[in-house]
Amino acid sequence: MRRNSRTRSRRARGLLAALAVCAVTLVTGVPAAQAAEPGEPSDLTVRLPTGSYSRMLVDQARRRVYVTTGGLTASVGEVLVYDFDGQLLQTVRTGSTDGASAMMLSADGGILYVTTSSYVLVFNADTFAYVGGGWVSNDFFRGLCPGDIGTAGGRLWFTRMSSQYRPKDCATEPQALHSGGLLGGSHDQAGDSLVDAKFTTSPGIPDKIVEAYATYGTPKLVVGVYDASTAAARQLALRTYTASTDPAAWPKDIAVSPDGALTAVAAGTSGVRTLSTDDLTDAASGYGPLPAGTDSTAVAFSPDGSLVARGGAVDGTSADLLVQQADPTRGEAARGYAFTDAAAGGDRVAERGLAFSADGSRLFAMTTDAAGDAYWLHIISHPDARYHSAFDGPLTVRPGTPFAGQAVRVSGTLRRNGPAPADAVRVTAVRHDADGDHTVPAAAVGPDGGFTLEDAPATTGKATYTVSFAGDAAHDPAPDATVTVDVVKAPTDLVIGAPSGTSTSGVVLHGTLSTAGAPLPAGTVVDVQRLTKKGAVDLPAAAVGPDGGFTVNDVPPAAGSTLYTVSYAGDALHEASADWVTVQVTD
């Protein structure tokens, strides 16, 4: 028997060409954090020069941020004055600023009110010269736990401790509402003594106060709306959460939207409750949950009514700060910020630690560590925006000219601006070919931005891969990237084995037809021809089995040298191939 080994050299060259790797080099450099492009958020971080924090107030007209540092554990009470670029302009400290906490500006912006352990102080907002106040003296302990201050109904309102004893834990201390004139005179208790009471006002409800507190004993969250047009607050609406919906919740912060329509309460492990201020029913849709395990600590609406920010404390790389459109019915995904460095920037948002600039273009966020003995002021520009993302460089496909059914790897690099991402994201892809659109399995993006999608095109012709990144909590979607390849027919290999019969009584040939591409369809046959001195004769075609095997049975007409050729004609997905063998037939 002789075999023609050269007949398969063409197939071998074709197979090597089909397996050739595209020579385009991938960009694998690690993308570093980049300077913010126009419209992207930027975070300027400043560490407070003290180890305590109480309240924060934004003065838009003077482009200042006031930070108070008083409280139960504070050694020094003062007002830190920063500009919008994070520069410490001034430290206001007097003999009366011990326990400095809640602040507000007068309607014309000319007066800065500061509550302290013993007084409500009034400063000139330009010079910080003391111009009055001191209405609540001789009750030192009552100001050690920070309260709130605001105006409603043409009166000044503030909360102070109602206990005569030095507190041990401000989180469970009762606070009582007081009211009086804006520039002095007597200030009297105007509301009940309530556990950890917190209140706020809004220009949208000028004659009302919204207050949140906890019940005695096993705490339950309570939210109330009160008429503030008289010296004593009068209840208009009340919402008490039951144990089944709020088993244990002390309010950490409260905010009312500028139009007065929405009330948001940061309620620790119970998250943020969003209510209609009118009747305290749940607001439609709400803002969605905070990351699992988050202790909600702060909430704020932007003064222009466009944004709401929710802050919390959560371990790991989950977002501690979410910013989104203030209208909860829009259902937009929140922009997430994760604070993870407890030693150089804080790893959680402090209680009452959020405030916006007037137009919402800046968010001021106070962060701290688990011990609460270090604080950082974050000045975040474009807080609701996301960092840009894009595919860097062209996509590559390996092999460069795949055949139908062959494993294909589509690779590229995704650049995401901003801080290096903590969690892996995924890119998706669609292959478009003559048969339509086909979803490609998604692929994870590595720390260096690299990714590889795997696919097996099922038809020949042009195939276009469109790769997409849908964005995440911190990044915009990336413009799609595309690459087109030509998918060719898969090579086949036809091999005839040694004959098991070589006499005129019968010749039996066994062979295999195989392919590295798409499986051969059922019903595939190979053509057989016998060639002797008397000429060529076409024999019946042989069926190819599921394993690629086939058998040729023949009864030669005479002894002598007989050539058998077996050929496969190919199909829409497979190339043709052939093999032959010479048999010496005996009588």
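The values are calculated or read from the model by the stated rules, or taken from the named source; none is laboratory data. Note that this is a predicted model, so its numbers are computed, not measured. Here Cβ is always computed from backbone atoms with ideal geometry, including for glycine, and neighbour counts include all displayed protein chains.
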Item to check | Residue in the range 181-198 that is under 23 Å from Ser118 (Cα atoms), within 32 Å of the chain's Cα centre (by Cα) and buried (at least 18 other Cβ atoms within 10 Å of the Cβ) present | outcome: yes
Next on the checklist: Out of Asp480, Asp472, Asp455, I need the residue that is of a type in the set (Asp, Glu) and either outside the structural domain of Pro394 (by TED's automatic domain parsing) or modelled with pLDDT under 95 (or both). Which one?
Outcome noted: Asp472
Checklist entry - Does the range 214-221 contain any residue that is in contact with a strand residue (DSSP E or B) (Cβ under 6 Å, 6 or more places away or on another chain), buried (at least 21 other Cβ atoms within 10 Å of the Cβ) and within 22 Å of Thr73 (Cβ to Cβ)? => result yes
Item to check | Count of residues meeting criterion [touching an Asp or Glu at 6+ places or on another chain (Cβ under 7 Å), in a loop (DSSP other than H, G, I, E, B) and among the polar types (S, T, N, Q)] in the range 292-347 | outcome: 2
Item to check | Those residues of the range 291-304 which are surrounded by fewer than 17 Cβ atoms within 10 Å (Cβ to Cβ) and under 19 Å from Asp59 (Cα atoms), in sequence order | outcome: Asp304
Item to check | Where a residue in the range 560-572 is under 21 Å from Gly405 (Cβ atoms) and its partner, wherever it lies, is outside any strand (DSSP E or B) and among the aliphatic types (A, V, I, L, M), with Cβ under 9 Å and at least six apart | outcome: Tyr568/Leu520; Tyr568/Val544; Tyr568/Ala576; Ala569/Ala576; Gly570/Ala576; Asp571/Leu520; Ala572/Ala404
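Go through the range 294-342 and count every residue that is over 17 Å from Arg386 (Cα atoms) and of a type in the set (D, E, K, R). Please lay out each step first, then the result.
Narrowing the range 294-342 to residues over 17 Å from Arg386 (Cα atoms): 294-305, 311-317, 327-330, 340-342.
Now narrow it down to the ones that are of a type in the set (D, E, K, R): 295, 304, 315, 327, 330, 341.
So the count comes out to 6.
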Item to check | Checklist (1) buried (at least 18 other Cβ atoms within 10 Å of the Cβ); (2) over 30 Å from Pro399 (Cβ atoms); (3) among the aliphatic types (A, V, I, L, M); (4) under 60 Å from the mean Cα position of the chain (by Cα) applied to Leu520, failing item | outcome: (2)
Checklist entry - Does Tyr113 satisfy being part of a loop (DSSP other than H, G, I, E, B) and among the hydroxyl-bearing types (Ser, Thr, Tyr)? => result no
Checklist entry - Could you say whether any residue in the range 473-483 is under 30 Å from Gly450 (Cα atoms) and acidic (Asp, Glu)? => result yes
Next on the checklist: With the requirement that a residue be in contact with an Asp or Glu (Cβ under 7 Å, 6 or more places away or on another chain) and without any contact (Cβ under 8 Å) to a residue 40 or more places away in the chain, what does the range 400-440 give you?
Outcome noted: Val430, Arg431, Val440
